[in-house]
Structures are given as structure tokens and as C-alpha cells.
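Below is one structure, written out as C-alpha cells; the observations come after it.
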Amino acid sequence: MAIRFDKEKNIFLLTTKNTAYAFEIYGERYLRHLYYGKKTRNIESNPQKYFSFSPYPEDLGVSYSPDLFSSEYAFWGMGDFRTPALRLKGADGTGVCDFTYSSYRIFRGRHDLDGIPSARADEKTKTLEITMKDSVTSCTLKLCYTVFSDSDVISRYMILTNKGKNELEIEKCMSFTLDLDRSDLDMVSFWGSHLHECTYERAPLTHGLRSITSRRGSTSHQFNPFFALCSHKASEGFGDVYGFNFVYSGSFLCEVEVDQRSQTRVSVGLGSENFGYTLAKGESFTSPEAIMTYSNTGFDKMTLNLHDFTRRHILPEKAVLAPHPIVLNTWEGCVFNIERKLLVDFADEAVKLGFDMIVMDDGWFGKRLNDNAGLGDWFENRDRFPNGLGELVRTVKDKGIKFGIWVEPEMVNPDSDLYRAHPDWCLHVPERAPALSRNQLVLDMSRPEVIEYLKDSFRKTFHDVPLDYFKWDMNRHLSDVGSAALPPEKQKEVYFRYMKGVYSLLDWFVSEYPDAVIETCSGGGGRYDLAMMTYGIQIWTSDNTNPYDRTDIQASALMAYPAATMSCHVSDPRGSLASLDYRYKVAVGGMLGYEFDIRKMSDEIKKIIAKQIKEYKRFERLMRRGNYHMIASPVKNDYSAYYYVNGDRNEILLTLIEKKGCKKGETRRLKIKDAIPGVTYTDKYSGVSFSGDDLRRGITLPLSGEPDSAYLFYLK
Ligand code: DGJ
């Protein structure tokens, strides 16, 4: 049983395959965290300690110190001076609230999160719902714990209902609090910028508050919402690792605070600077979902848990099962210079080379000849496509190849018919000129009429166009966030309502084009998050396709997200055969695609590409569904090495990528701990055989010292 309540001890115990999570009802009213770690069934309460200068409620006396208490959800104002999960502004204006335990319920499945994407339940998924009440505001708070046992993941979210007479405002809303009774931990997180996403960073916790956040209205390139806490000596195969993530694509806040008693408080939720939500009498607010996992055997297991969870519960079911289509995208080779003949020529070549899909990127609509104009005008450019989109797509598909198209629905150029007709449909603040970014403004996706306009445009433009794929882009962050449709007291809701609008349009795309693949993108990996992954299996990892940088970006991304989500394109081969081979070997770490002007490629290069595509198709399923294990991270080494293995462990893809600065003549030993002893594996490239025992002990490879050098072994 994944969720149990011990009535005698007043303890809730949540268990997954390998982990346990426990808390108790303390003093009949507060929820006290007891344990998160390796699976155990034997959980006991510990005596509380009191320290001076810690306030306490009169009736409980010094037996309860909010400031030290390991809380399941932290409130503001009653003597807990650490970072709170919830700050409300009620009728008294003070922000103080004191929710106490009322009841619990355990049920199969999970809650729907009111327009916010969440992890999909399966037949084993169960949820614990705890109801708490605050007598002064008359609010009820449901703390929800959904247990995904096979993946060793527990998710948390909350639902707040205003049952009082007065309106109240939510000023801060986190999806959970986790109070750990230790601080001997390092924090691993990914920072970055456009073209340099997912830069790995590991640093020991120190006293005080550390946060990673986005105030940009999207998850952003600056920080990914994934982070981990680990024991100081934790490595791939050793040590305690707690992994966290947030199923949301807007501004977020992840806080880690080490207090004056060296306990650590972790919380994940909505970015608090740009969030506020007014709840009228009877209204409810549901937070997005945060997830956590634990491994007592290092990062490798944490990664396996997160990958397994993402494949089973986040990615669209159909997409995980369907073969990944190898696309040829027009962007890097042609930028905005696209027209009918080019696409038809691309298709002719692409079919011969074994591609599955042509993707027509930016430049097909309105006056979109460059990035100054056109966003918002979602009708085809008839100068470029004189017979219309439908004719083009059917012509291409008749050649035996699928067709995908680029859209950026959330944006508008001031130079567009849409903006001229509805200048107040963009986010803006009255009397202030909104800031531009890439010459564009952001549409006010909190307005239903904007969403309806977009649905209408796409419905009309695509009504007889048999599209197989959408690349949904988002190329700027939100500034000047104000909505002409909301009163002043609701302006702080715009960031959250914006995301709900985006999700509702994505939901519409999924229902309108159920068989199409959706790839999301935000100037590369600016919205690489679990919520976006519920819509489309792939995310464009980065606009940076330079293989030297990509190796690092991909290695970090793979720590938290499976290869199935990671769109990796070979681009700009610059006529160098060695370089093309290297680019390919880097790109096969994820879902392969290509971006260049295929008309300009020599026959020799085309032959190589055709061979690469054929080869990739042999192990594509393994990449999409197999287990990933890092052997050597490129962040700490002069090379990168990893392998994928299938469930039966009889199929392995081993990769070694040399980085710049690799020393010629040195050797590296790569151990494949999943190889089966006594079984013989043969490399499909070289025909060389290895015993499973040898692979487990490690195969030794010499480094060439050439920056363009990489090894690929496909062992079966
Ligand atoms: C940014 C994306 O990351 C690129 O791949 C491309 O689609 C451009 N936008 C098009 O404007």
C-alpha cells in the first residue's frame, strides 16, 4: 500500500518502490515532517526541542516551536521565521495565518489542476489529501501528495478555498515545503542564457537562503526549475540525492534555506514577485505540481527515476511509443528565405536521404520576410506560396514525406495587421510604451478573445492542410505585464492567467490535431520544462548547435530529462566530413534531426547523411525508451561518455565524445555495469565482440587528441 495512516501513532507513511516519506499530526493540529529517504516502515516521532527566542502558542507551550518545527507546509506570521510557502492577505491586512489539521482522504488517481498540466495517473497512482483550516480567514487548504510508486516520485500541490465572507489575496504560493533535519548538502542546479542553457553548477549549502528563480514569465534559459540536493561526497553511483522539479512553464521560485539550527527548508512554487491572486468568497486556487525523488545510490538512480517518471507520467503516451521522425528543418540553412519551390526541392532530396519529415520554420506567413513584421498574422504569404499551403503540403506528402510547420502564437509584431487592429491585445501598461524584444510584443494570453482569435486564425489557415507537426516557438520574455482587460486589483494575476491561456491554446492544438507531433521551443531551451513536455515529446534544446557546446548542454539536460525530449539537430557541416561525423555523434545523444540547405550539399555529404539516418533508425527506439547512464560528465572531464541500455540489457549504445584539449595517447576506461555477465555482445559497426564481463570491467579506448573525434558502439 503506497499510502498508510497509522492511527495510533498519528503518522502518515507514503512509500514508493525504494523510498519512504513520513509526517505526523502533532498536538492534534500541526503537520510535522519526520522522514524522507530510503524505504522503511519503521517511523517514530521525535521529541520536539524548544530554543529561546522562538515564539509558541500559549496552550501548547514550549512543546511546539514553529521556528524549529519540521513543517509539511509553512505559513507566515505565527513564529516560523523561515521562508513561508503561503502568504495571504486577508481582511485584517496582516498576512498572519494558522492552518491546522482537520481531516484526510486517500484515493486512487489524482486531482485535476484546473487548467495547469500535471503528471498523468496510472492504475497504481494514489493521492493523499490533507485538509487544513484557518479559523480567522475561514479558508481551507488541501495539501495533496500523489505517489508514483514505480518511478520513486512523490508530487505535491495545494488547493486553497476561501470559505469566509471577505475577499483575500494570495501573495506567495509554493507547492510544498520540505524540512530536512540536515544541511550537510550540496546544491546542483543549471544556470545559463540564450545559446548557453543548462550550465551545470554544484556548490555546498551555506546558512541563509539560496534561490533559483525566473521572473521572466517563462521558465527561461537563466535557470531550469530542476535542482538537486546531495550529500557532499555524492557521485553518479554513491550518496544521498534529492531531486526536485516543477510542472509549470511560467515564473517560478525554488528556495533552499539553511536555518540557525542547520536544518534545511526546501520549497518550490510560483515566482513571488510577479504573482498575486485575489480569491472572492467561495473561490478556489490550485497550485501547479512540484515533484521530488530520492536516491541513496547517487545521481545515476535519481536520473533513472526522473526519466522513468517523465516517460510514464509526463510525455504524451502515444508519442513515447511512436518512432521519432527524423526532420529536416529549414531554419539554420535558409532563415526567412523560404518559398514553395524551395520546400518542394527540399522534399525531393529529403525523401532520397531517408528523412521522415520536412519542417518549414519561420517565414511562411503574413509579411514575415524578416523578424520585423508579421507575427500575429497567421495566414500564408501568397507571394511565396501562390497555390496556398494546402497544395504545398499535399505535394510534399505525395512524395512520401511528412510536413511540419513553425508557429509562435504568443507574439505579435507592431508591424502586423493584428496589432494595427487590436493594439490593446498585447501586454502593456497604460501610458507606457511597452519594451520590444526581437522587434516583438507579447500577446495578452490571459484574454479569452485573444485565444479565440488565434484558434480562429489557425483553424482557417490550416483547415485543408494535412500537417503532421507543429514547432511552437516563444522568442521573448514578458515585460510591461499589464492587461487592458483586468481591473487594477487583478493585475498581479496576469502572469499566472497568461500561462493558463497558453496551456488552453496548447490543449486546443492537441485536440484539433491529435495525430500531430508538437515540438516546443523558446529561442532553444528557454522553456525546457515538464509542463511543456506534457504536450509534445520534444523540446528544441538550444539554438546553439555547435557540437562542443552541445555536449555540455545535453549532458546536463539528460541529468533531469530523458533523451526522448531532447531535440538535437546536426547543422552547418561546412563541407567537413570529419566534422559532420562528429556533429552526428553528438546529436545522436538525443532525438536526431538536421538543419541546413540541403540543395547546397555535395553528393558525398548527402551519402553520409543518408547513412547516418539509416543507422540512427536502428537504435532510435533504444534512445527513446532505454535507460541512460552517464559514465563521464563533460563538465568535469575532457571527454563525455555515456550509454543507453534496453530493459533486457541485450542492446547497448555506448558513446565517447572527445572534447577540445583531450590529450593524444591517453586512454579512458568505460565500464558498462548493465552488461550481462557471460553474454557476448557484438559491435554492429566494427564486428568486434566483447564479453559482458569485459564490458562490466570496462573497455579501454585511446584518445586521439583530435577535437573532432568520437566513438560510437552499438552492442547487441
Ligand atoms: C528561435 C528558434 O529557437 C529557432 O530554431 C527558429 O525557430 C527561430 N526562432 C525562428 O524565428
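Here are a few things to note about the model shown:
- Surface share of carbon and sulfur [accessible, 1.4 angstrom probe, percent] for the range 326-472: 50 percent
- With respect to the chain, whose longest principal axis is taken over its alpha-carbon atoms, helix 603-625 is tilted by about 30°.
- Against the chain, whose longest principal axis is taken from its Cα atoms, helix 448-461 shows a tilt of about 20°.
- Heavy atoms of Leu315 accessible to a 1.4 Å probe, total area in Å² rounded to 10: 0 Å²
- The chain - accessible surface per residue (Å², probe 1.4 Å): 37 Å²
- Three semi-axes of the equivalent ellipsoid, the range 384-469, Cα gyration tensor, whole Å, largest first: 32, 13, 11
- Taking a ≥ b ≥ c as the square roots of the Cα gyration tensor eigenvalues, the chain comes out oblate, since a/c reaches at least 1.5 and a/b does not exceed b/c.
- On the beta carbon distance between Leu321 and His463, with R0 = 25 Å, the FRET formula returns roughly 0.30.
- Farthest toward the positive end of the dipole of the chain, out of Ile338, Thr100, Met357, is the Cα of Met357, where the dipole comes from beta carbon charges about the Cα centre.
- Between helix 577-587 and the chain there is an angle of about 30 degrees, using the helix long axis and the longest principal axis of the Cα atoms.
- The relative contact order of the chain, computed from alpha carbon pairs under 8 Å that lie at least 6 residues apart in sequence, is 10 percent.
- Ser102 versus Glu28: modelled label distance in nm, points set 7 Å from Cα along the beta carbon direction: 1.7 nm
- Counting lysine pairs in the range 319-540 that sit 8 or more residues apart in sequence, or on different chains, and whose Cα atoms lie under 21 Å apart gives 21.
- Bridgeable aspartates and glutamates around Lys301 (alpha carbons under 12 Å apart, same-chain partners fewer than 8 residues away excluded): Asp152, Glu236, Asp240.
- When both bridge partners sit in the range 482-629, DSSP labels roughly 10% of those beta bridges antiparallel.
- Estimated from the Cβ-Cβ distance and a Förster radius of 60 angstrom, the FRET efficiency linking Asn650 and Glu58 is about 0.35.
- The fraction of accessible area contributed by carbon and sulfur in the range 480-595 is 50 percent, rounded to a whole number (1.4 Å probe; ligands and nucleic acids excluded).
- Legend: residues Asp648, Asp515, sorted from most to least accessible area (1.4 Å probe; ligands, DNA and RNA excluded), read Asp515, Asp648.
- Helical runs (DSSP H, four residues minimum) scored at -39500 (n - 2.57) apiece and divided by the length of the chain put the mean residue ellipticity at 222 nm at -6000 deg cm²/dmol.
- In a fully extended conformation the segment linking Leu209 and Ser135 would gain 23.6 nm over its present Cα-Cα distance, using 0.36 nm per residue.
- Each other residue within a Cβ distance under 15 Å of Ala560 adds +1 if Lys or Arg and -1 if Asp or Glu, for a net charge of -4.
- Glu449/Asp693 FRET efficiency (R0 41 Å; Cβ-Cβ; nearest 0.05): 0.05
- Spacing of the two label points (7 Å from each Cα toward its C-beta) at Arg599 and Lys124, in nm: 5.4 nm
- Accessible surface of the range 107-199, 1.4 Å probe, proportion on carbon and sulfur as whole %: 48 percent
- Neighbours of Ser416 by Cβ distance under 11 Å: Lys/Arg scored +1, Asp/Glu scored -1, total 0.
- Within the same chain, lysines fewer than 8 places from Lys9 are excluded, and of the rest, those with a Cα less than 29 Å from its Cα are Lys17, Lys38, Lys39, Lys49, Lys124, Lys126, Lys133, Lys142.
The values are calculated or read from the model by the stated rules, or taken from the named source; none is laboratory data. Being a predicted model, the structure only gives us computed values, none of them experimental. Heads up, the Cβs are rebuilt from the backbone with ideal geometry, glycines too, and the neighbour counts pull from every protein chain shown. Please note that ligands, DNA and RNA were not included when accessible areas were found on the heavy atoms of the full protein model with its side chains. Shrake-Rupley method; radii C 1.70, N 1.55, O 1.52, S 1.80 Å.
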